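Engineer: Pasting a structure below so you can have a look.
Any read-out appearing in this document is the output of simple, stated calculations on the displayed coordinates, not a laboratory observation. Keep in mind it's a predicted model, so treat the numbers as computed, not measured. Every residue, glycine as well, gets a Cβ built from its backbone with ideal geometry; the counts of neighbours run over all protein chains shown.
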Amino acid sequence: MEARCYWLGFNLVKGIGAVRLQSLVQYFGSVENAWQAEAGELLRAGLGPRVVERLLQVRQGTDLERLWERIQSQGIRMLTWEDESYPPRLREIEQPPPVLYLRGELLEEDFWAVAMVGTRRVTPYGRQVTEEIASVLAANGVTVVSGLARGVDAVAHHTALKAGGRTLAVLGSGVDRIYPPEHRALAEQIMARGALISDYAPGTPPESANFPPRNRIISGLSVATIVVEAGETSGALITAEFAAEQGREVFAVPGSILAPQSKGTNRLIANGARPLLDARDVLDVLHLSHVSQHQAARKALPVDATEAQIVTVMSEEPLHVDEIRARCGLPIEKVTAALVLMELKGMVRQVGGLQYVAVREGQADYITN
């Protein structure tokens, strides 16, 4: 049986997420060994009795090979932690989803993605702002990420497509269960110019409890999250919270203090989110003006001795530019100049406060292949 089938199996077991699956793989040596382990071994590996019982039920009641064939026949792809094409920004977050299901394609330019989220009850003001921001992002080669919901999400997807850009939709259901149903045509367009993405197995219905967790994938795929309009209890605020926890930029569009749809965004600004007053502010703050320049730089400029030396001291843990200089024993101006080019090439990424992390080899392959 293909190894992917075992990942699929664990994805069907309620109570086994990123942390528990990682522990099981470390304990048993592989996902296949973990799937085939006896109940006593699973208990010794740290699973509770109820989770073990659920795992055994899924294992005994599911024909994984047949399920995998059905998923493939629907044109659904599955990515796991072990795949180099797993989205690199998402891989950086704490407890990234072990499995992703896709309909459509992820491309190298999706590395530069910005999430746009907001209320389902979008106002004319919110619609106008969403259209303006999404148009500017798409025109500059930035992929727009959202959740296919009514309101701001749908406007963001539609506008990015209309502007000739790419867009990704993260679902709170299986990628074969489009919700809301009136967005099926939109979903087809997104698959042609982007992808539908979910960490829920195909066939999973759009239950309300699924949507808050999927918001961490929306923010995790993105270098920044923009909240256009949001009430005080809007799910968009959950996405903003995840983005902040992941070390990503959060922008909020200010609105009238009397408008219910702006109470959440105004509160975000009061709590430290960047007020978004002009669509191009996003490009300037994130250095995203014409992403094609970033792509060209990575392909055209070779790695020199300074860059090679910097790479040896970098890791996935953030390092301040002064610490990089100290470890390399190089002049600060040489280090900073090299880091600028390395970021353009996709070798490193700035995570704020002059701190940089290395982009691992698998991430570089994702970007350049």
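Engineer: How much of the DSSP beta bridge set in the range 104-286 is antiparallel, as a percent to the nearest 5? Each step should come with its number before you reach the end.
Structural biologist: Details: 1 of 21 bridges.
The antiparallel proportion sits near 5 percent.
Engineer: Now, a different point. Go ahead and collect, in residue order, the members of the range 95-116 whose backbone nitrogen is under 14 Å from a label point 7 Å along the Cα-Cβ direction of residue 351.
Structural biologist: 95-96
Engineer: Hey, another quick one. Using R₀ = 35 Å, calculate the FRET efficiency as 1/(1 + (r/R₀)^6) where r is the Cβ-Cβ separation of residue 270 and residue 95; round to 0.05.
Structural biologist: With a Förster radius of 35 Å, E is 0.75.
Engineer: Once all Cα-Cα distances of the range 160-246 are split into 5 Å bins that start at 0, what whole-number percent is in each one?
Structural biologist: With a bin width of 5 Å, the distribution comes to 3, 14, 21, 23, 24, 13, 2.
Engineer: Here's a follow-up. Of all DSSP beta bridges in the chain, what percent run antiparallel (nearest 5)?
Structural biologist: Taking every DSSP beta bridge with both residues in the chain, the antiparallel ones total about 40 percent.
Engineer: Rounded if a/c is under 1.5, else prolate if a/b is larger than b/c, else oblate: which is the range 121-193, with a ≥ b ≥ c the root eigenvalues of its Cα gyration tensor?
Structural biologist: Working: a/c = 2.21, a/b = 1.29, b/c = 1.72.
In terms of gyration-tensor shape, oblate.
Engineer: Further question on the same structure: Per 0.36 nm of contour for each residue apart, how much would the distance between residue 311 and residue 132 grow if the chain were fully extended, relative to their Cα-Cα spacing?
Structural biologist: That pair, residue 311 and residue 132, stretches by 60.6 nm at full extension.
Engineer: Hey, with R₀ at 35 Å, roughly what FRET efficiency would residue 85 and residue 26 work out to, going by the Cβ-Cβ distance, to 0.05?
Structural biologist: Computed FRET efficiency for residue 85 and residue 26 comes out at 0.90.
Engineer: Going by Cα centres, the range 20-58 and the range 153-197 are how many Å apart?
Structural biologist: 36
Engineer: Still on this structure, I have one more. Alpha carbon centre of the range 272-286 versus the range 126-144: separation in Å?
Structural biologist: The range 272-286 and the range 126-144 have Cα centres spaced 12 Å from each other.
Engineer: Using the Karplus curve 6.51 cos²θ - 1.76 cosθ + 1.60 with θ = phi - 60°, what ³J(HN,Hα) values do you get for each residue of the range 312-326, in whole Hz, with x for Gly and Pro?
Structural biologist: 5, 9, 8, 8, 7, 8, x, 10, 6, 4, 5, 5, 4, 4, 5
Engineer: Label residue 177 and residue 278 with points 7 Å out from Cα along Cα→Cβ: what is the distance between them in nm?
Structural biologist: 4.5
Engineer: Could you tell me which of rounded, prolate or oblate describes the chain, using a ≥ b ≥ c as the square roots of the eigenvalues of the alpha-carbon gyration tensor, with rounded for a/c under 1.5 and, failing that, prolate when a/b is larger than b/c and oblate otherwise?
Structural biologist: In terms of gyration-tensor shape, oblate.
Engineer: Roughly what would the spin-label model give for residue 33 and residue 337, points 7 Å off Cα along C-beta, in nm?
Structural biologist: So the label points at residue 33 and residue 337 sit 5.1 nm apart.
Engineer: Something else: Would you mind classifying the range 1-110 by shape? Square roots of the alpha carbon gyration tensor eigenvalues, ordered a ≥ b ≥ c; an a/c under 1.5 is rounded, otherwise it is prolate if a/b is larger than b/c and oblate if not.
Structural biologist: Oblate is the answer for the range 1-110, as a/c is 1.5 or above yet b/c matches or exceeds a/b.
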